[in-house]
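Notes for the one structure printed next.
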Amino acid sequence: MATEAVIVSTARTGVGKAFRGALNNTEGPTMAGHVMAEAVRRAGIDPGEVEDVVIGCAMQQGTMVMNVARKGAIRAGLPVTVAGTTIDRQCASGLQAIAVAARSIMLDGVEVAIGGGIESISLVQNEHMNRFHAVDDELMAMKPEMYMSMLDTAEIVAERYKIGRDRQDEYSLECQRRIGAAMQAGRFDDEIVPIKTTMAVVNKDTKEVTYQQVTLSKDEGPRPETTAEGLAKIKTVFEGKTITAGNASQLSDGASACVVMSDKIAAKKGLKPLGIFRGFVAAGVEPDEMGIGPVAAIPRLLKRHGLKIDDIDLWELNEAYAVQVIYCRDKLGIDPDKLNVNGGSIAIGHPYGMTGSRLVGHILIEGRRRKAKYGVVTMCIGGGMGAAGLFEIVN
């Protein structure tokens, strides 16, 4: 009988505002180690039972270089026998990491692994970022769109597919409304593990930097008090265009980890999984419209598993920009009532490498609450790709 990979626990930090939030001075290995240790504790297993750690990270700079997965495992207090590897599929890195961990269980005989994601935008996406030979001139001449910013690609999707600012703001407002209701109902509480850390505080007048001890126990980004009038007043980033700070996700820091296990080992231990990994696909699209990536990935995923759009009970479609979700939702015919039911990254924030793992944990917990069967986590990816993962929820 084939081995199945099940997710038995999940843990994440609250999502912090980049540069000015609680995690703006927290190093990558420490952040990753914190959630790994908690995921292992929640799984009720001995740390030495973990064979391998797979962590996604899109901005591998500073302390995120030279394999933050291995560094995070050691920081978590896992024994040196636990291996680690770091993966970069940009915005799908955390989801890809879980898929790799699951495949190692299904195909290679690994019994227990950790999959997750980490991003410390505060400490790397700044003036210290390594720009030495950042552009391949030959590739630039061949395909300059590979170096386009996500903001530029979002405006292309908006213009090319006629998605105006009014629709983007409308989606963003609903996103804030949903996340406000979800937070009030405590629907993120089972995911988040509080983290005590040191935050850098910059004096606006003197620019002096001081440090203070803080505990992050919830997401910093949501603005449930948002109104349509307030969104309409926000200036667009580019004059005459559609993207604003109100209909785009904020820059964020955070980490997430899931313990993935053989179904046989889980049964032997008497553990009830949150869900079962069923499959993962990635697909390429033109890099200048990377926001349409899920439209290429989702049909491929569903076809391989004999499913249709309506067979999926919950969708988590990660968005850096509202326009991306609107296009993909409409093109695929996804029921809005099944999509990002507790709000999305527009409200919560998007630490690139972390988000895929966060969404897996969330869709499994929320799916059980709703007695759902199938959930899909999907996202567009910088460079012109889309990814999608299928999970069966255990009720």
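The values are calculated or read from the model by the stated rules, or taken from the named source; none is laboratory data. Remember, it's a predicted structure, so these values are computed and weren't measured experimentally. Cβ sites come from the backbone with ideal geometry, for glycine too, and all protein chains shown count toward neighbours. These accessible areas exclude ligands, DNA and RNA; they are computed on the full protein's heavy atoms, side chains included. Shrake-Rupley method; radii C 1.70, N 1.55, O 1.52, S 1.80 Å.
Straight-line cross-link partners of residue 241 among the lysines, defined as a Cα under 19 Å from its Cα and at least 8 positions apart when in the same chain: 162, 233.
Would you calculate a helix-derived [θ] at 222 nm for the chain, using -39,500 (n - 2.57) for each DSSP H run of n ≥ 4 and dividing by the full residue count, to the nearest 500?
Details: 13 runs with 139 residues, N = 395.
Estimated from H runs of four or more residues: -10500 deg cm²/dmol.
Counted as membrane-span-like here are DSSP H helices of the chain whose alpha-carbon atoms extend 24 Å or more along the helix's own axis and whose Kyte-Doolittle mean is -1.0 or above; these are 352-369.
Quick one: grab the alpha carbon gyration tensor of the chain, order the square roots of its eigenvalues as a ≥ b ≥ c, and give me rounded if a/c is under 1.5, else prolate or oblate depending on whether a/b is larger than b/c. Cα axes put the chain in the rounded bin.
Could you give the dipole magnitude of the chain about its Cα centre, charging the beta-carbon of Lys and Arg +1 and that of Asp and Glu -1, in debye to the nearest 20?
Values: 45 positive and 48 negative charges, 193 e Å.
Charge dipole of the chain: 920 debye, to the nearest 20.
Ranked by the mean number of other Cβ atoms within 10 Å of their residues, highest first, the peptides 6-14, 270-278, 386-394 fall in the order 6-14, 386-394, 270-278. Each other residue within a Cβ distance under 13 Å of residue 362 adds +1 if Lys or Arg and -1 if Asp or Glu, for a net charge of +1. When you count the other C-beta atoms within 10 angstrom of each residue and take the mean per peptide, 72-78, 222-228, 125-131, 191-197 line up highest first as 72-78, 191-197, 222-228, 125-131. Looking at the chain alone, DSSP beta bridges between its own residues are antiparallel in about 75 percent of cases. Could you list, in their original order, any pairs among 303/373; 71/268; 269/371 whose Cα atoms are separated by more than 20 Å? From the list (303/373; 71/268; 269/371), the Cα-Cα distance tops 20 Å for 71/268; 269/371.
Report in % the part of the accessible area of the chain that belongs to carbon and sulfur, leaving out ligands and nucleic acids; probe 1.4 Å. Don't jump to the answer; show the numbers that get you there.
Numbers: 8550 of 16750 Å².
About 51 percent, which is the carbon plus sulfur part of the accessible surface.
This model, with +1 at the C-beta of Lys and Arg and -1 at the C-beta of Asp and Glu, gives the range 1-51 a dipole about its Cα centre of some 440 debye. Projecting the Cα positions of 280, 384, 144 onto the charge dipole of the chain (unit charges on Cβ atoms of Lys, Arg, Asp and Glu, taken about the Cα centre) puts 280 furthest along the positive direction.
Think of each Lys and Arg Cβ as +1 and each Asp and Glu Cβ as -1; about the Cα centre, that makes the dipole of the range 156-248 roughly 240 debye. Taking a ≥ b ≥ c as the square roots of the Cα gyration tensor eigenvalues, with a/c under 1.5 meaning rounded and otherwise prolate when a/b beats b/c, else oblate, which class fits the range 166-208? Oblate shape, in that a/c is at least 1.5 and b/c is the bigger or equal ratio.
Relative contact order of the chain: 28 percent, from C-alpha pairs under 8 Å at least 6 residues apart in sequence.
Sorting the segments 45-53, 112-120, 324-332 by their residues' average number of neighbouring beta-carbon atoms within 10 angstrom, most packed first, yields 112-120, 324-332, 45-53. Cα gyration tensor of the range 112-269, axes a ≥ b ≥ c as square roots of the eigenvalues: rounded (a/c below 1.5), prolate (a/b > b/c) or oblate? Taking the square roots of the gyration eigenvalues as a ≥ b ≥ c, the range 112-269 is rounded. Post the alpha-carbon centroid distance, the range 283-319 to the range 129-155, in whole angstrom. Here the two parts' Cα centres lie 25 Å apart.
Of the cross-linked pairs 17/338; 272/308; 308/331, those separated by over 22 Å at the C-alpha level are 17/338; 272/308.
In the context of the full set of protein chains, residues of the chain present 42 Å² of accessible surface per residue (probe radius 1.4 Å, heavy atoms only).
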